[in-house]
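Scroll down for the structure; my scribbles are underneath it.
The values are calculated or read from the model by the stated rules, or taken from the named source; none is laboratory data. Please read these numbers as outputs of a predicted model, since none were measured by experiment. Cβ sites come from the backbone with ideal geometry, for glycine too, and all protein chains shown count toward neighbours. Calculation scope for accessible area: heavy atoms of the full protein, side chains included, ligands and nucleic acids excluded. Shrake-Rupley method; radii C 1.70, N 1.55, O 1.52, S 1.80 Å.
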Amino acid sequence: MQKKNVLKGVLFVGIGASIYGMLATFVKLAYQEGYTTSEVTTSQFVLGLVGLLILNFIQTITSKKTLPSPNPREVRNLLLAGTSLGCTSLFYYIAVQYINVSIAIVLLMQSVWFSVVVESFMTKKMPQARKVISVIIVLAGTVLATDLVNTEIELDFKGIFWGLMAAASYTLTMFTSNKLATHLPVFRKSIIMLAGGSIVIFLFLIFAQMGPLHIDGLKSLYLNFTENTDHIHAFRYSILWKYGFILALFGTIIPPILFNIGFPNAGLGLGSIVSSLELPISVTMAFILLGERVVAVQWFGIALILFAIVLMNLPSKKQPAVV
């Protein structure tokens with residue numbers, strides 16, 4: 001029975017990671033049709049909230065027992081934690097405006113070693129030698145996966161900046177979501193966190209779609225690091241049915257549900273290894289649907305990053321494998 005549960009957990013985590021890995025490709029397709037970052041993110045979060053509210057309602061009326069509700073402190077903490085969720089999507093989607101999806105996902109995966117740094121800072125302990133080696137492998141793999149060894153390649157600074165910002169925000173999301181209000185049903189917890197993320201998205205919508213704020217410093221920062229304001233137009237609601245539904249489904253509804261079912265059965269270590277499928281899936285989708293150029297050295301770099309993730313999550317000799 002235990003082996004079946006582990007297999008079930010691996011399957012759910014693997015499917016969730018694969019689906020999430022497809023997300024950036026659809027974002028890029030939306031950009032090719034002229035939609036903006038604010039339109040893409042707003043449609044994803046609005047429809048994601050609606051979907052989760054429906055699922056939570058169904059769960060509440062069909063549950064045979066009273067489901068726990070969050071207290072005011074938990075609501076506040078989850079809303080704050082959710083802002084990092086909104087920032088992750090926002091920063092990641094801005095990044096793919098300037099760089100290939102295959103490069104952006106590699107930058108997002110820098111959260112692997114970001115989390116080691118954060119963990120070391122929080123515990124005030126030096127990371128294990130194996131983790132340090134894994135970080136070095138990730139960095140080496142990143143150089144290869146982004147094709148930096150090719151002297152002719154030109155990577156947009158804006159894309160690199162926002163990709164690393166997305167990785168930092170994603171790291172914060174992982175730490176907070178695994179520690180806050182773990183007793184709550186997945187739908188209720190996800191709704192509150194998504195509401196926190198929506199605050200960030202709506203602020204960006206007002207700032208970007210409806211015209212930048214008339215503050216010189218902020219306006220200068222906006223012009224330097226995000227979309228050019230020359231093409232500002234009214235919000236196009238067609239994004240909701242063209243791409244919003246699939247972005248909400250693939251980004252804010254299905255993966256979190258599958259992860260919350262899968263991780264308890266697979267265990268955090270094995271689950272983290274399986275969830276790294278997001279990286280090759282994202283690159284493959286970009287190669288097939290977007291025709292992005294991915295050379296052999298980049299695939300080798302991706303393989304190195306995946307190896308580092310496996311190495312980092314292998315159980316130590318003193319501890320049994322967590323399943």
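Per-residue extension of 0.36 nm, minus the Cα-Cα distance of Leu29 and Arg293, leaves a gain of 93.4 nm for this segment. Each of Ile191, Ile239 has its accessible area taken with a 1.4 Å probe; listed largest first, they run Ile191, Ile239. Take the stretch 9-138 with all the other protein chains still there, run a 1.4 Å probe, and you get 44 Å² of accessible area per residue. In the stretch 160-208, the portion of solvent-accessible area held by carbon and sulfur atoms comes to 77 percent [1.4 Å probe, whole percent, DNA, RNA and ligands not counted].
Given +1 at the Cβ of Lys and Arg, -1 at the Cβ of Asp and Glu and no other charges, the dipole of the stretch 48-132 around its Cα centre is 380 debye to the nearest 20. Within the accessible surface of the stretch 1-111, defined with a 1.4 Å probe on protein heavy atoms only, the carbon and sulfur portion equals 66 percent. Packing-based ranking of 16-29, 297-310 yields 16-29, 297-310, ordered from highest to lowest mean Cβ neighbour count within 10 Å. Distance distribution P(r), the stretch 50-195, all Cα-Cα pairs, bin width 10 angstrom from 0: 11, 30, 29, 20, 9, 1, 0 percent.
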